[in-house]
1. Can you tell me which condition V80 does not meet? The list is (1) surrounded by fewer than 18 Cβ atoms within 10 Å (Cβ to Cβ); (2) more than 17 Å from L191 (Cβ to Cβ); (3) among the β-branched types (V, I, T), and all the others hold.
2. So in the stretch 62-79, with the set limited to residues that are charged (D, E, K, R) and not in a strand (DSSP E or B), which one is farthest from R168 (Cα to Cα)?
3. Looking only at the stretch 33-61, count every residue that is in contact (Cβ under 8 Å) with a residue 24 or more places away in the chain and not in a helix (DSSP H, G or I) and tell me the total.
4. Here is a list: L164, L151, L120. Which entry is at pLDDT 95 or above, farther than 24 Å from Q37 by Cβ and in a strand (DSSP E or B)?
5. Please pick out the residue among V66, V76 that is closer than 22 Å to V162 by Cα, touching an Asp or Glu at 6+ places or on another chain (Cβ under 8 Å) and among the hydrophobic types (A, V, I, L, M, F, W, C).
6. Quick check on the stretch 95-115. Is at least one of its residues more than 17 Å from D192 (Cβ to Cβ), in contact with an Asp or Glu (Cβ under 8 Å, 6 or more places away or on another chain) and surrounded by 18 or more Cβ atoms within 10 Å (Cβ to Cβ)?
Amino acid sequence: MQRPLKLIILAGLALVLVYIARDAFFNDDNYIKPLLQEREDKDLTFRSRANSPFNDEDRRAFKNLVYYEPDLDYRVKAKVAPLAKQDTLLMPLTNGSYEPYLRYGQATFELAGEAHELMLYKKLSGEKEGLFVPFTDKTNGFETYGGGRFLDVPFEEGNKTVLLDFNRAYSPFCAYNPDYVCPVPPKDNRLDIAVPAGEKTYGKHE
C-alpha cells in the first residue's frame, strides 16, 4: 500500500512543479511586462499627430486606452485545420463595401471549458504577415467595442497550431473615429461566450 501512496504523492508534486514553472515562465519579465509595454507604446502612438486615428481635438483629449487585466487563461493554443479549398471571402466593411480576404483555415480551441472555432483569414493585400482573426463575443456593446475586435496571429506555413492571445485583442480604428472604414467580423467568427481579455471600449473620459 505504501508504493501507490508514494506514486500519488510524487504525481501531486509533479503537478505543483508544472504550475510553478508555468507561473515562472509567464512572469512580469517574460509575458506580462512586454504586454504592458506594448499597451504603453500604443498610447504613445495614438497621441502622435502622424499615426493617431483620432482627429486633432480628440487626440489632444486622449489619455489612454483601457484594457482587461492580463489573464493567461485567455492565451490559448488552437489546432489549425487548413481548408481544402481556400476560397476568397468578400468581407463586409463598415461603409457597406467589401474587401477580399483568403479563408485560410479553421482554428479549434477550448475556452471557458468549452470547444470553440474561429476562421483564420489572410489579407490579400499583403500588408501584414500572419493571419487575421476578426471576431465578436458577448462583451461587445457592453465592455468592448460593439463592432467586434481583431487579433493578429503569427503563423508560418505548415504549422499545426496557432496561439490565440486574446489579451492582445484590439479594437479597429473605426471604434475611435467613424471616418475610418473597418472590416465587420463574419458570421463564422461570432463567439457565443464573453471574452473578458484585451482592449475595452474607449471613452474620452478614460
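1. (1)
2. So the residue we want is K63.
3. 3
4. Residue meeting the stated conditions: L120.
5. Step by step, each of V66, V76 is checked, and only V76 is closer than 22 Å to V162 by Cα, touching an Asp or Glu at 6+ places or on another chain (Cβ under 8 Å) and among the hydrophobic types (A, V, I, L, M, F, W, C).
6. The answer is yes, given that some residue of the stretch 95-115 is more than 17 Å from D192 (Cβ to Cβ), in contact with an Asp or Glu (Cβ under 8 Å, 6 or more places away or on another chain) and surrounded by 18 or more Cβ atoms within 10 Å (Cβ to Cβ).
The values are calculated or read from the model by the stated rules, or taken from the named source; none is laboratory data. Being a predicted model, the structure only gives us computed values, none of them experimental. So basically every Cβ, Gly included, is an ideal-geometry build from the backbone, and we count neighbours across all protein chains shown.
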